[in-house]
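Colleague: Got a structure for you, written out below as structure tokens; questions coming shortly.
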């Protein structure tokens, strides 16, 4: 599917303040990724079917407050200034933003590939398993924060504190 074949020169072009557009940005994993990318200095835009449906989700308000520009998911969000488009497995091949990215020649990067690339720039701890990953990840993040560290936590679910 999307962009895991990107060459090294393409990755080197994706440095802050490059413009990344995240399709399906209201998803738990994509919204977390958007916030990490913003914190690293990227310009982040995003689209989501919930936004197009007029749904007022708390995550959309949180993303707006953080600095993500939310746009319709109709293909118009893909501009000449868009460096790359990030998608998750949940995005259908017929998605208008994905189609616009392909037709304009913009690189399309899968969320997992982007996370893997970002993990190369910092000490990384991954949590895997069949159950309890979200809880354990939240607990680890909390413990690191309590220890005076400044962890960046990308989690598959909402964490209360």
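Just so you know, all these numbers are worked out from the coordinates, no wet-lab data involved. Everything quoted here is computed from the prediction, not taken from an experiment.
Colleague: How large is the helix-only mean residue ellipticity at 222 nm for the chain, computed as the sum of -39500 (n - 2.57) over DSSP H runs with n ≥ 4, divided by its residue count, in deg cm²/dmol to the nearest 500?
Modeller: -11000 deg cm²/dmol
Colleague: I need two numbers for the chain: Rg to one decimal and Dmax as a whole number, Cα atoms only, in Å.
Modeller: When restricted to Cα atoms, the chain yields Rg and Dmax of 15.7, 48 Å.
Colleague: With a cut-off of 8 Å between alpha carbons and a minimum separation of six or more residues, what is the relative contact order of region 1-91 in percent?
Modeller: Values: 123 pairs, mean separation 33.8, N = 91.
37 percent.
Colleague: Okay, next question. Round to a whole angstrom and tell me the spacing of the C-alpha centers of region 37-53 and region 57-127.
Modeller: 7
Colleague: Right, next: Sequence gap at least 6, Cα distance under 8 Å: using those rules, report the relative contact order of the chain to the nearest whole percent. Each step should come with its number before you reach the end.
Modeller: On the way: 224 pairs, mean separation 39.4, N = 161.
Result for the chain is 24 percent.
Colleague: Tell me the angle of helix 133-146 to the major Cα principal axis of the chain, expressed in degrees between 0 and 90 and rounded to the nearest ten.
Modeller: Approximately 70 degrees, to the nearest 10.
Colleague: Compute the angle between helix 28-39 and the longest alpha-carbon principal axis of the chain, please, reported from 0 to 90 degrees and rounded to the nearest 10.
Modeller: Between the helix axis and the principal axis of the chain, the angle is about 90 degrees.
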